[in-house]
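Asker: A single structure is presented below for examination.
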Amino acid sequence: MLVLILVLKTGVTGLFNLSQSMPPPIPDYNTIRQITRSVSLIQRHYYDPQRINPLKMLQSGLMALSQQIPELIVKFSDENDKIEIKVGNTIQMIPLEKANRLYDILKPTAQIFTFVAKIYQGEIEPDKREYAFINGMLEKLDPHSNFLAPEIFKEFKTQTEGEYGGIGIVVGIKEDDLTVIAPIEDTPSMKLGIKAEDKILEIDHIPTINMPLSEAVEKLRGKVGSLVTLTLKRKDKDPWEVTITREKIIIQSVKSKMVIKDKKRIAILRVRSFQEDTFEDMAKALETMGIFDGVILDLRDNPGGLLDQSLEMADLFLKQGDLLYTVGADPAKQEVTKATPGNEFGNQPVVVLVNQGSASASEIVAGALKNNDRALVIGAQTFGKGSVQSLFSLANGAAIKITIAQYLTPGHISIQAVGITPDIRIVPTRIMKNQPFDLWDDENYGEKNLDEHLENSKFLVQEKPSFQYRYLDTTNPDQDQKESEYTATINEAKDYVLSVALNLMTRSHLGTRNDLLEKAIPWLTSENKNQDKQITRALNEQKIDWSEPPSETTKPIQLKFVTTSEVIDKATNIPLGKLIGGTEAIWKLKITNQSGADLYRVIGVVKSENPIINQKEFVFGYLSNGETREAVVNIKTPDDFSDFDEPTQIEIHTANAPNTYQITKPMMFVEKNKAHLGYSYTLIDDGTLGSKGNGNGLPEKGETLVLNLHVFNQGQENAQDVLANIKNSEGTEIIIKEGRALIGKLEGDQEKQAHLSFVIPSNSSKDEIKIDLGIMDKKSKAGLVDSLTLPLGGVKTIKIDPPFGDKQLPPVVQIKERILSSDQKFLKLTGQAIDEKALEDVMIFVGGKKVYYQAAPHEQTNKILSFTTDIPLDAGSNFISIQARDERKLIGHKFLSVMGPKDSK
């Protein structure tokens, strides 16, 4: 039986509460217009009809809908012949016939949406309900078929079209402030001297405090020729205003540079994405640079884009050959795209740079040039997205993206979930004081890690690099990369992989991959030895002997160690049996070599589902027979980390033994107790604290009001760094003056005051204002989010929500027994939610999926709501979130992580 939502029922026998169910409603297809169009588009255009599973897509769509609507409960019968829908206390049974085609789910979907539209009284609008269902439905196709909400689709079109009206800056939120990440070259912002790290305090005199990034971007953009005024703040400079005329901003996807190396002119082209004008930009750049002896195409961190642009780019460097094969569900039916004869750049040597961030269109270019023996590919394994998507518009500016084909590179080679294997693989190694080691190859994250990813085993070819080595990377891993991404500065002196490409480019005169590779091997062999010496020297400075094993062959070594492990508190040096959130610790691993031979380059690599310790490296180096050595790794547990308990694997590798020795050590992480933050408030308009008004303490048009906030901690655990902020709710027109207040440390049972301020415009058209209030401990993430509703007009009414001076405190969730692991497929979870006023409901999510819902009886005030249910567990980590809402929709959370059985099937 597939159970999407488990519901606590009392006094009812059997799966369904038939006694309260109404006859199936007449389906109103007007409630699912966008779903109907989406289903039609999928049925007609999706590349592989065999992957369309109507029942699973219906279940996933309804699951996503239930995520949007807390009061909605969905449950399928054992035979999948009926669905129970419950909204609040009203139950509806929907008959479900066997769905052979996706069209067959439309009737039950329309019946469900008709029922929800009639019964549901919440805030989720009809469009948003359809969006949620469509998005959930598409998740069961593949990772790249998905829904684009209107605002996302609008931004997507801006990125692919490559131009818009604006001022030419990239912005982001840094340290809670709207900040210039980078000005774009040859745009108004750069001409007026705006710099990276400038803070934007106001846009057209509207403060940006707590303004969502999407809203700020929308305000910065506008009609070409229109004006926008910014108030800026720079370090060690007073705020100043600048008025800027918006221009057509062309997003340059190609950056170029000519480098002369050993008397050879090498053209470097950095391509950050494939948009409508990418090929044209590249052709212009090559023409501008004039005569050159070779080309380096830098496609690193290029996520792809428009297919036609990538094909034109590859075609420019090929006189003949196949560029791409496009295949559907039937491999026998293929469309081939061939190179156009007579291209002028068909002779010069070409090198393509790729990495794990190179995907889709980037992989098409790299694969076409590599497999036609045209270019040498250098870098790391690419992402592995070997599918083609097409966009289809829906109503209200939304869209869906559907996979319409898979592609094969020349030679009929699929890169789906595998990627392009570079000819020369270059791996960075970082060895820095007080930084984690990075000597072992981490598992590449790519297409293969995505849920529902496509497979194409028929055309997979397992390739290995022709040459690979490690180099010592001395760049700062914490350096902000966004500025270089958008300014696209090419600096071969600070870019090791690019410098390698330049060195190899000077060694070949022929425009073939094989010639480049043949000429490169001697230099690469020498450089490999040089880099190995640098890595060895850097480790020696940290008292680690990284000597190479002797070249003469010895008898096979069977690894054997005696190991001990200990975790100690970094501050007190006291051994820890478990790590509590917020702890900084040192994990010591001591090993004794009992292998009967000396071992070289010994390293222990942690394999764990816990992201805090996964891939951590214990570096021992040389270990003579019988010798004992200790290595350590530092662990910093975030304050908001939840429970995690698993037997952690450590794989020990050596340079002179091919096998791996595996040990298991227990590691327990326990959630830190958190503060319980609440608040009360009043309004000030009597002229004090910067307020302006008539002094009656009520909001009126034209007034400047101070939100007099009392923040308290009703828990026993201290809150270390409390922040309060306010922002406009959607559709509200207030101007926020002081939108953020740092309250700081708040001990148990302590209360502090904070003041925030805002202006209600005299010409406001609203009868009431809504303000979003957030209070959070930045360390532990404990806190709350609330919405204040304030009617205008100077009359104190019951519509003031919450009332002035009324304490607001989110519910507390308690569980009876904390269980960190289980070998069973279900976990019995018992607990209760507690609220000082009245509870609304309790929900439980596992891995983001709602598996339990219980509403409080409305005929009485419920300060305690108990729950008991069996939670399904998958193999490995199960992240469980228990949420309790009070009558004002304040939410209390409890997070758990439970290791499930080894095999949950």
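The values are calculated or read from the model by the stated rules, or taken from the named source; none is laboratory data. As the structure is a computational prediction, the values presented were derived from the model and not from experiment. Positions of Cβ are generated from backbone atoms using ideal geometry, with glycine treated the same way; all protein chains shown enter the neighbour counts.
Asker: Given the criteria in the same structural domain as Ala375 (by TED's automatic domain parsing) and over 29 Å from Val377 (Cβ atoms), does Asn434 qualify?
Answerer: Details: in the same structural domain as Ala375 (by TED's automatic domain parsing): yes; over 29 Å from Val377 (Cβ atoms): yes.
Judged against the criteria, Asn434 is a match.
Asker: Additional query: Tell me which residues, restricted to segment 867-892, are within 27 Å of Met776 (Cα to Cα) and hydroxyl-bearing (Ser, Thr, Tyr). Spell out how you get there, then give the answer.
Answerer: We begin by selecting, within segment 867-892, every residue within 27 Å of Met776 (Cα to Cα); these are 878-892.
Ser881 - this is the single residue of segment 867-892 that is within 27 Å of Met776 (Cα to Cα) and hydroxyl-bearing (Ser, Thr, Tyr).
Asker: Please work out which one of (1) over 25 Å from the mean Cα position of the chain (by Cα); (2) hydrophobic (A, V, I, L, M, F, W, C); (3) in a helix (DSSP H, G or I) is the condition Phe345 fails and give its number.
Answerer: Tallying (1) over 25 Å from the mean Cα position of the chain (by Cα); (2) hydrophobic (A, V, I, L, M, F, W, C); (3) in a helix (DSSP H, G or I), Phe345 fails exactly one: (3).
Asker: Another one. If only one of Leu516, Leu510, Leu524 is in contact (Cβ under 8 Å) with a residue 60 or more places away in the chain, in a helix (DSSP H, G or I) and touching a Pro at 6+ places or on another chain (Cβ under 9 Å), which one is it? Steps first, answer last, please.
Answerer: Working: Leu510 fails: in a helix (DSSP H, G or I); Leu524 fails: touching a Pro at 6+ places or on another chain (Cβ under 9 Å).
One residue alone meets the criteria, Leu516.
Asker: Same structure again: How many residues are among the acidic types (Asp, Glu) and out of contact with any Lys or Arg (no Cβ under 6 Å at 6 or more places or on another chain) if we restrict to segment 866-885?
Answerer: Let us first name the residues in segment 866-885 that are among the acidic types (Asp, Glu), namely 870, 874.
If we keep only those that are out of contact with any Lys or Arg (no Cβ under 6 Å at 6 or more places or on another chain) as well, we get 874.
Within segment 866-885, residues that are among the acidic types (Asp, Glu) and out of contact with any Lys or Arg (no Cβ under 6 Å at 6 or more places or on another chain) number 1.
Asker: Are there any pairs with C-beta distances below 8 angstrom linking a residue in segment 728-753 that is modelled with pLDDT of 95 or more to a residue that is buried (at least 17 other Cβ atoms within 10 Å of the Cβ) and basic (Lys, Arg), with the two at least 6 apart or on different chains, and if so which?
Answerer: These pairs meet every condition: Ile743/Lys752; Gly744/Lys752; Leu746/Lys752.
Asker: Have a look at Ser897, Ser881 and point out the one that is under 27 Å from the mean Cα position of the chain (by Cα), within 23 Å of Ser787 (Cβ to Cβ) and not in a loop (DSSP other than H, G, I, E, B). First the steps, then the outcome.
Answerer: Values: Ser897 fails: within 23 Å of Ser787 (Cβ to Cβ).
Matching residue, one of Ser897, Ser881: Ser881.
Asker: Restrict the check to segment 189-200 and report whether at least one residue is surrounded by 20 or more Cβ atoms within 10 Å (Cβ to Cβ) and over 27 Å from Lys255 (Cα atoms).
Answerer: Step one: of segment 189-200, the residues surrounded by 20 or more Cβ atoms within 10 Å (Cβ to Cβ) are 189, 194, 198, 200.
Narrowing further to those that are over 27 Å from Lys255 (Cα atoms): 200.
Within segment 189-200, one or more residues are surrounded by 20 or more Cβ atoms within 10 Å (Cβ to Cβ) and over 27 Å from Lys255 (Cα atoms).
Asker: Let me spell it out: the conditions are (1) acidic (Asp, Glu); (2) in the same structural domain as Pro27 (by TED's automatic domain parsing); (3) over 25 Å from Tyr29 (Cα atoms), and Glu123 meets all of them except one. Which number is the exception?
Answerer: Tallying (1) acidic (Asp, Glu); (2) in the same structural domain as Pro27 (by TED's automatic domain parsing); (3) over 25 Å from Tyr29 (Cα atoms), Glu123 fails exactly one: (3).
Asker: Can you name the residue in segment 786-800 that is surrounded by 14 or more Cβ atoms within 10 Å (Cβ to Cβ) and more than 35 Å from the chain's Cα centre (by Cα) and, of all such residues, is modelled with the lowest pLDDT?
Answerer: Result: Gly794.
Asker: Would you pick out the residues in segment 858-889 that are surrounded by fewer than 21 Cβ atoms within 10 Å (Cβ to Cβ), under 29 Å from Lys807 (Cα atoms) and among the aliphatic types (A, V, I, L, M)?
Answerer: Ile864
Asker: Right, Lys781: of a type in the set (D, E, K, R) and either touching a Gly at 6+ places or on another chain (Cβ under 7 Å) or within 30 Å of Ile734 (Cα to Cα) (or both) or not? Before the answer, list the steps.
Answerer: On the way: of a type in the set (D, E, K, R): yes; either touching a Gly at 6+ places or on another chain (Cβ under 7 Å) or within 30 Å of Ile734 (Cα to Cα) (or both): yes.
Answer is yes for this residue.
Asker: Please give the number of the condition Ile544 fails out of (1) part of a helix (DSSP H, G or I); (2) not assigned by TED's automatic domain parsing to the domain that holds Asp293; (3) not charged (D, E, K, R).
Answerer: (1)
Asker: Here's another thing I want to ask about it. Only residues that are free of Cβ contacts under 8 Å to residues at least 60 places away in the same chain and either surrounded by fewer than 20 Cβ atoms within 10 Å (Cβ to Cβ) or within 20 Å of Ser508 (Cβ to Cβ) (or both): list them for segment 340-368, please.
Answerer: Listed by number, the residues that qualify are Thr340, Pro341, Gly342, Asn343, Glu344, Phe345, Val352, Gly357, Ala368.
Asker: Being of a type in the set (Ser, Thr, Tyr) and over 30 Å from Ser787 (Cα atoms) is the requirement here; does Ser77 meet it?
Answerer: Details: of a type in the set (Ser, Thr, Tyr): yes; over 30 Å from Ser787 (Cα atoms): yes.
Considered against the rule, which asks whether it is of a type in the set (Ser, Thr, Tyr) and over 30 Å from Ser787 (Cα atoms), Ser77 comes out as yes.
Yes or no, residue by residue, for (1) assigned to a loop (DSSP other than H, G, I, E, B); (2) farther than 21 Å from Gln406 by Cα; (3) modelled with pLDDT of 90 or more; (4) of a type in the set (Asp, Glu):
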site	(1), (2), (3), (4)
Lys9	yes, yes, no, no
Thr13	yes, yes, no, no
Ser19	no, yes, no, no
Val39	no, no, yes, no
Gln43	no, no, yes, no
Lys56	no, yes, yes, no
Ser60	no, yes, yes, no
Ala64	no, yes, yes, no
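Asker: Among the residues of segment 815-840, count how many are surrounded by fewer than 21 Cβ atoms within 10 Å (Cβ to Cβ) and acidic (Asp, Glu).
Answerer: Of the residues in segment 815-840, 3 are surrounded by fewer than 21 Cβ atoms within 10 Å (Cβ to Cβ) and acidic (Asp, Glu).
Asker: Residue check: is Gly900 crowded, with 22+ Cβ neighbours inside 10 Å, under 27 Å from Glu609 (Cβ atoms) and not β-branched (Val, Ile, Thr)? Working first, answer last.
Answerer: Numbers: crowded, with 22+ Cβ neighbours inside 10 Å: yes; under 27 Å from Glu609 (Cβ atoms): yes; not β-branched (Val, Ile, Thr): yes.
So Gly900 fits the description; yes.
Asker: Wholly within segment 83-178, which helices (runs of 4 or more DSSP H) include no fewer than the required count, namely at least 3 residues that are closer than 26 Å to Asp204 by Cα and not polar (S, T, N, Q)? Explain how you work it out, then say what you get.
Answerer: Working: elements: 106-119, 126-138, 150-161.
Result: 150-161.
Asker: Condition first: in a strand (DSSP E or B), buried (at least 16 other Cβ atoms within 10 Å of the Cβ) and not acidic (Asp, Glu). Now tell me which residues in segment 738-758 satisfy that.
Answerer: Arg740, Ala741, Ile743, Leu746, Lys752, Ala754, His755, Leu756, Ser757, Phe758
Asker: Counting only residues that are surrounded by 16 or more Cβ atoms within 10 Å (Cβ to Cβ) and either at pLDDT 95 or above or among the polar types (S, T, N, Q) (or both), how many does segment 506-515 have?
Answerer: Counting residues in segment 506-515 that are surrounded by 16 or more Cβ atoms within 10 Å (Cβ to Cβ) and either at pLDDT 95 or above or among the polar types (S, T, N, Q) (or both) gives 3.
Asker: On the given criteria, is Asp806 in a strand (DSSP E or B), in contact (Cβ under 8 Å) with a residue 24 or more places away in the chain and acidic (Asp, Glu)? Lay out the reasoning, then the answer.
Answerer: On the way: in a strand (DSSP E or B): no; in contact (Cβ under 8 Å) with a residue 24 or more places away in the chain: yes; acidic (Asp, Glu): yes.
The answer is no for Asp806.
Asker: Still on this structure: Quick one: how many residues across segment 809-849 are under 22 Å from Lys781 (Cα atoms), touching a residue at least 40 places away in the same chain (Cβ under 8 Å) and outside any strand (DSSP E or B)?
Answerer: 7
Asker: Now, a different point. Is one or more of the residues making up segment 585-592 in contact with a strand residue (DSSP E or B) (Cβ under 8 Å, 6 or more places away or on another chain), closer than 14 Å to Gln662 by Cβ and in contact (Cβ under 8 Å) with a residue 24 or more places away in the chain?
Answerer: First, pick out the residues of segment 585-592 that are in contact with a strand residue (DSSP E or B) (Cβ under 8 Å, 6 or more places away or on another chain): 585-592.
If we keep only those that are closer than 14 Å to Gln662 by Cβ as well, we get 589, 591.
Checking the rest, the ones that are also in contact (Cβ under 8 Å) with a residue 24 or more places away in the chain come to 589, 591.
Yes; the residues of segment 585-592 include at least one that is in contact with a strand residue (DSSP E or B) (Cβ under 8 Å, 6 or more places away or on another chain), closer than 14 Å to Gln662 by Cβ and in contact (Cβ under 8 Å) with a residue 24 or more places away in the chain.
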